[in-house]
1. Hey, which of the helices (runs of 4 or more DSSP H) in the stretch 20-128, taking only ones fully inside, have at least 1 residues that are modelled with pLDDT under 95?
2. Would you confirm whether or not the stretch 34-52 contains a residue that is under 11 Å from Gly3 (Cα atoms) and either of a type in the set (A, V, I, L, M, F, W, C) or without any contact (Cβ under 8 Å) to a residue 24 or more places away in the chain (or both)?
Amino acid sequence: MVGIVIVSHSPKIAEGIKELALEMARDYQGLYCAAGLEDGTIGTDAVRIMEAIESADSGDGVVVLGDLGSGIISAETAIDMLDGSVKARIADAPIVEGAIVAAVEASIGSSFERVIEETEKTRGFNKI
């Protein structure tokens, strides 16, 4: 099963997104958060992100979603630190909509490429 990691500067935001995504994919177990710093303050940490990617990995790949530019930089660093040991990619998608679509796709057994493709389609979602 494809794993998902939500990268946010705020643990509260990440946990809220996780909660919302799991409303749509209730039985999905592959969703992890990597948010905030070790002391609970706002920020991102490449080591924590790397560990979350490793935890989310079941062999089918891990989709990473991030909230802001520096979180994406930390996620890129985390993926580089894995040195190819885990197939992981950052999806170019809004974090909330992307996480929901990714969780639904992963929960129904979609391939890594399909989860990425469908997740990235959320960039064009109209809200009005």
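The values are calculated or read from the model by the stated rules, or taken from the named source; none is laboratory data. Here the structure is a predicted model, which is why all the values come from computation and not from measurement. Cβ: placed from backbone, ideal geometry, glycine included. Neighbour counts: every protein chain shown.
1. 69-82
2. For the stretch 34-52, residues under 11 Å from Gly3 (Cα atoms) and either of a type in the set (A, V, I, L, M, F, W, C) or without any contact (Cβ under 8 Å) to a residue 24 or more places away in the chain (or both): present.
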